[in-house]
1. For the peptides 52-59, 110-117, what is the packing order when you average, over each peptide's residues, the other Cβ atoms within 10 Å and list the highest mean first?
2. My understanding is that a pair violates if its Cα-Cα distance is over 26 Å; which of LYS49/LYS77; LYS176/LYS200; LYS49/LYS75; LYS77/LYS200 do that in this structure?
3. Given the peptides 121-131, 204-214, arrange them by the average over their residues of other C-beta atoms within 10 Å, most packed first.
4. So what's the projected area for the range 78-216, the Cα convex hull averaged over all directions, in nm²?
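Computed from the coordinates by the stated procedures, all read-outs in this text should not be read as laboratory data. Since the structure is predicted, the reported quantities are computational estimates derived from the model, not experimental observations. Please note: Cβ atoms are built from the backbone with ideal geometry, for glycine as well, and neighbour counts cover all protein chains shown.
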Amino acid sequence: MDTIATNSREAQPAEKRARGRPRKTVAERDDGNRRVELVNAAARLFRRKGFEATSTRDIAAAVGMHSGSPFYHFKSKGALLHAVMDEGMRTAIARQAVALDAAAASAPDAVTLLRVLIRNHFDVLLGPGSDFIPVMLYESRSITAKQRTALARLQGDYEALWEPVLQALHKRGLLKAPVKLARLLIFGALNWSVQWFDPKKEASLDELTDAAMALFMASAPAKKPARKQAS
């Protein structure tokens, strides 16, 4: 078999490439961690002070960075705001899926599933690390139309899992309003809780859930007695 000349050096076998993605360097891992820190700090500050009143200097100081360093990770404060909202919706979707999966083990009915959805939503809005969705609810005017469209798709994915539950309740007569209007009114009422709820003064999230269920759910219609057939 003929061989190929290699300029006085014998051909060396090519090194095998490792499967999968190459491991991140320490710098790359730190870079990712800093981005997460920025998003978390921005969520807290945007919720507490508002988007307009929060400067990139404030956000940088919250994570121990120089004032211009956030722009290494995000093009602008607006891009950071969108990242907060996007992270909030993706986390909410994941948490809702976990809550429904846990409930599915007991084969729940629609009433139980609505309670699970409402309790989880209160946790997303008011529980630990709950700065993200309130920022999305009240600062959306500060992002671009394209960013709002992307967030609307995520919001649609989140709310889609409520639809069959509300449809089932409506079919049973436990939800009197049309399903679309009921969904809008339910989310409007739940989301407004971020404006007034104080965990030090108000009820627990479980008690809030009980109150919401009592507000939204109608009593089951009484069954009509079966007519006796004439003999």
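1. Values: 52-59: 15.8, 110-117: 19.1.
Descending mean neighbour count gives 110-117, 52-59.
2. Details: LYS49/LYS77 14 Å; LYS176/LYS200 34 Å; LYS49/LYS75 21 Å; LYS77/LYS200 32 Å.
Check vs 26 Å cut-off fails for LYS176/LYS200; LYS77/LYS200.
3. Numbers: 121-131: 17.7, 204-214: 14.6.
Highest-to-lowest ranking by the protection proxy: 121-131, 204-214.
4. Working: hull surface 34.4 nm².
Its average projected convex-hull area is 8.6 nm².
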